[in-house]
Each structure stands twice: as C-alpha cells, then as structure tokens.
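Here is the structure we will look at, set down as structure tokens.
Read-outs: derived from the displayed coordinates by stated rules, not from any lab. Model, not experiment: these values are computed from the prediction. Neighbour counts are summed over all protein chains in view; Cβ atoms, including those assigned to glycine, are modelled from backbone coordinates with ideal geometry.
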Amino acid sequence: MQQDPWRDKLSEEEYRVTRQAGTERPFTGELLHETRDGKYLCKCCGVELFSSLAKFDAGCGWPSFYAQTDSDNVGYRFDTSHGMRRTEIFCKQCDAHLGHVFEDGPAPTGQRYCVNSVSLTFKVDNAVE
C-alpha cells in the first residue's frame, strides 16, 4: 500500500481540512486578521486563489473574500454534510478542500467565500512585510 504523499507535506490539521474536507475552529485561523496586501495561495499546490483586495471581515470566524482571483482555480460542488445544504469550494488544480461559498457577501459579487486559514498560504505583495 502506497503512502499518501500529502501526509508528508502537510501538518495533521492541514491534511484533515484540505484532504478530508474538515473545518478549522472559527476564530482560530492565523490568516483571519491578516491585513497586508498580498495573495492567498493553495496550501497544497501553491496556485493563486484569492487576493487581499477582495478580502473583507464577515465576522464569521474564517477569512472571507467576495471574489476569487481566477475562475480556473476555484471549483464548486454541492455539499450536504452535517445536515446542511451548502456549496463547497475546492482548488481545481489539486482538489484541496478550501471551505464554502455563500450568497450573503458584499458588492460587487454578493458572494462570501468562507475559507479555512490552514488551506491557504499568504504571500505578501513585493515580499515586503
């Protein structure tokens, strides 16, 4: 039996969230209060998913964005887990679970991409911190 290569690359929590569609506890993610300009990349494959320009404070306990950076990188699928009807978002490049999208976000899209911090890597613009 072959070892899952993601187990070696990710922490236990990152693996649980991204590869097993888990959810980090609300208000615990290190990127929740990130305010610097930059890009949010997939923790697993490094593809760009969101920009700080689309980030907003939704008060829900997870980093929230009103738009994705590139529609080729974020996919959608219907999710009925935990007795709810939601739309899961995932990385189209590596199938990592990111979180969910809801239709209660701000203009211009009306979308709220509610994303687990552990599914993202933050890259500061111009590498200036």
Where in region 19-92 are there chymotrypsin sites (Phe, Trp or Tyr not before Pro) that are in a DSSP coil and have at most 11 other Cβ atoms within 10 angstrom of their Cβ? 27
Rounded to the nearest 500 deg cm²/dmol, what is the calculated helix-only ellipticity per residue at 222 nm for the chain, with -39500 (n - 2.57) per DSSP H run of length n ≥ 4? -2500 deg cm²/dmol
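Placing unit charges on C-beta atoms (Lys and Arg positive, Asp and Glu negative, everything else neutral), compute the dipole magnitude of the chain about its Cα centre in debye, rounded to 20. Present the calculation step by step, with values, prior to reporting the outcome.
Values: 15 positive and 20 negative charges, 51 e Å.
Charge dipole of the chain: 240 debye, to the nearest 20.
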Which trypsin sites (Lys or Arg not before Pro) in region 64-129 pass both tests, a DSSP loop state and at most 16 other beta-carbon atoms within 10 Å? 85
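In whole percent, what relative contact order does the chain give with Cα contacts below 8 Å and a gap of six or more residues?
On the way: 264 pairs, mean separation 36.6, N = 129.
About 28 percent, as a whole number.
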Any chance you could list P(r) for the chain, counting all Cα-Cα pairs in 5 angstrom bins from zero, rounded to whole %? 2, 11, 21, 25, 22, 12, 4, 2, 1, 0
Euclidean distance of C-alpha centroids, region 22-45 and region 60-124, integer Å: 11 Å
